[in-house]
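First comes the structure, then the notes that go with it.
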Amino acid sequence: MKKVISFLIIFSVFQIEAASFPSEEFMSLNEQNEKIEEVAKSLRREHWINGYEDVESSEEYVTESWLNDYVRRDHLFEMNLYDDEVEELYECISKNNCELYYVSVSSDYMGGYGVEGNFILLYTQTKKYYKISHVVYAE
């Protein structure tokens, strides 16, 4: 009986220790797509709530070459990304637990038109994300 109790105590201690470590499981591609669609929907909702009209969005998976091209166009934006933000984007691409997406949101407001660029740094192990936004175009 003592052996059984000892075994149960040791087994439960190992279960507690295993539960305290972060999950080794990463988000599937389908889960990532669902999360990005959810983020895009949330961004569109924010624009509607703030009085913008004709709100639309598009999503893009960001590769290093895509980001290189985007950063080179830096002088064409209404509001450029800061150097530390660009650095964070490249760091995400280089990590194996971070996927980078771009969500563009366009809308009309009081006769004007604008486009907001949103980089979504999706941490696939923790299933959390971080957003870096800037104004791409405004009139």
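The values are calculated or read from the model by the stated rules, or taken from the named source; none is laboratory data. Because the structure is a prediction, the values reported are computed rather than measured. Cβ sites come from the backbone with ideal geometry, for glycine too, and all protein chains shown count toward neighbours. Note: accessible area is taken over every heavy atom of the protein model, side chains too, but ligands, DNA and RNA are not part of it. Shrake-Rupley method; radii C 1.70, N 1.55, O 1.52, S 1.80 Å.
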Worksheet item: At a 1.4 Å probe, what is the % contribution of carbon and sulfur to the accessible area of the range 19-139?
Response: 48
Worksheet item: In nanometres, what is the gap between the two model label sites at Q125 and E91, each 7 Å from Cα along Cα-to-Cβ?
Response: 1.5
Worksheet item: Taking a spot 7 Å from the Cα of W66 along the direction of its beta carbon, which residues of the range 116-139 have an amide N less than 19 Å from it?
Response: 116-125, 128-137
Worksheet item: Mind checking the dipole of the range 20-102: about its Cα centre, +1 per Lys or Arg Cβ, -1 per Asp or Glu Cβ, Debye to the nearest 20?
Response: 120
Worksheet, complete the sentence: Residue separation between Y137 and E31 times 0.36 nm, minus their alpha-carbon distance, gives in nm 35.1 nm
Response to the item:
Per the C-alpha gyration tensor (a ≥ b ≥ c, the square roots of its eigenvalues), the range 39-139 is rounded if a/c is under 1.5, else prolate if a/b beats b/c, else oblate; here it's oblate
Worksheet item: What is the spin-label model distance, in nm, from E24 to R45 if the labels are put 7 Å beyond Cα along the C-beta direction?
Response: 3.6
Item to complete: Positive end of the charge dipole of the range 79-128 (Lys, Arg +1 and Asp, Glu -1 on Cβ, about the Cα centre): tell me which of L121, G111, N80 has its Cα farthest that way.
Response: L121
